[in-house]
1. Step through the residues of the stretch 87-96 one at a time and calculate ³J(HN,Hα) from phi using the Karplus curve (6.51 cos²θ - 1.76 cosθ + 1.60, θ = phi - 60°), rounding each to whole Hz and writing x for Gly and Pro.
2. Find out how many positive minus negative residues lie around residue 346, taking Lys and Arg as positive, Asp and Glu as negative, among other residues whose Cβ is under 14 Å from that of residue 346.
3. Based on the mean of other Cβ atoms within 10 Å per residue, sort peptides 216-225, 9-18, 331-340, 112-121 so the most packed one is first.
4. Kindly identify the stretch 1-90 as rounded, prolate or oblate by the Cα gyration tensor criterion: order the square roots of the eigenvalues as a ≥ b ≥ c, call it rounded if a/c is under 1.5, otherwise compare a/b with b/c, prolate if a/b is larger, else oblate.
5. Sorted from fewest to most neighbouring beta carbons within 10 Å, what does the list 243, 170, 328 look like?
6. What percent does the relative contact order of the chain come to when contacts are Cα pairs within less than 8 Å and at least six residues apart?
7. Any idea what Rg and Dmax come out to for the chain if you just take the C-alpha atoms, in Å?
8. When you count, for each residue, the other Cβ atoms within 10 Å and take the mean per peptide, how do 143-149, 281-287 rank with the highest first?
Amino acid sequence: MSAPLVVLAGYLVRYPLGGYAWQALHFLAGLRALGCDVFFYEDSAYYAAAYVPGAEIMQAGDYDHGVRVAAAFFAAHGFADAWGFWDAGADRWYGAGAAPTRAALAQADVFVNVGGVNRVPRVRRPRALAVYVDLDPGYTQLRLAAGDRGLAAMIADHDAHFTLGENLGTPVCPIPTGGVRWRPLRQPVLPELWEPLAIDPAAAFTTVGKWDSAGRDVTFAGETFAWRKRTEWLRFLDLPRTTGERFRIAMDVADHPDDLARLVAAGWEVVDPLAVSSDPEAYRAFVRGSRGEFTVAKDVNVRLRSGWFSDRSACYLAAGRPVVNQDTGFDVHLPVGEGLFAFRTPDDARAAFAAIAADPLRHCRAARALAVEYFAPERVLGPLLDLVR
């Protein structure tokens, strides 16, 4: 039996940042490790805006920077001929080119649509089992419940549906499933891409992300749920003072001067997120050089206990860096207390940092072991491939 061909539709040329690059690579390398032929696909037919360094707003049609980043990154990791981008507006093809990219779609056994940022009609992927991967648990389902017809049509255009919200459809999570069978999926991580560095006791606990996402709050059962991390961060302002630890966040807080002043006054170090994220290798170095990760989660995932766990946090674990992450219910599926901590209150977080400080090597080793066991491709991608075996 020949190896199945999996086309992964993702988001990199249009938004060439470290997190998206590693997310795509982990899926591609993980599926290849499981015996699949793989191909990365992206186009601008549905969403044309692209990030361009130095530009104040996203720009449609300017993909040169993203193409260069994608080409260099995929080539560096053994996928030089296994990706294609179609600039639909200009009808230009990059990467493998028009004919190989069209052939990959036409011959694919599985089409994996990560996050729905590419909408490829079935006529272009006629043989493939279409799999949707929900990266925004809670937000996706509550938009469906609110009657978002465009999203509903896109979801319906897939044969199977997976979500990073591992608690969806279980008694601990009240998020409505809308009649969709949301199968749990965890981001695959290849530990060999994140070899741990020696522990630097002077290093900071870090994270990377977006400070605020105005306009994306959702309502459910008469309550409003924030789709932003800002509101949660402000609950934990005192951690530098009360723990004695260093905290450095690579987030766009500079766009919110009042918030930046509050963070700096409380002892937080704030750095430009693009300086960390615009180069995938710089992103990896930032993670590997940290003491560990401290991060909060979005209100919708915290209060509704979706079970969401960040693919970024999985990279910290793989790099042998302990993670202190706000509780979203992920402790139903992942062991906590060594290398990984779930907190609800500032006291919980302080206890986690005290435990790490008391035996840092133990917690670094536990973090790495957890990544190896719980994020291995054969464990997390097996259920997806079972659909076509």
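1. With coefficients 6.51, -1.76 and 1.60, one gets 7, 5, x, 9, 6, 10, 10, 10, x, 5 Hz.
2. The answer is -2.
3. So the order, starting with the most tightly packed, is 9-18, 112-121, 331-340, 216-225.
4. prolate
5. Values: 243 21, 170 15, 328 28.
By the 10 Å Cβ count, ascending: 170, 243, 328.
6. The normalised contact order for the chain reaches 16 percent.
7. For the chain, the Cα radius of gyration and maximum Cα-Cα distance read 20.4, 62 Å.
8. 281-287, 143-149
Laboratory data are not the source of any read-out in this text; all were calculated from the coordinates shown. Since we're looking at a predicted model, the values are computed, not measured. Positions of Cβ are generated from backbone atoms using ideal geometry, with glycine treated the same way; all protein chains shown enter the neighbour counts.
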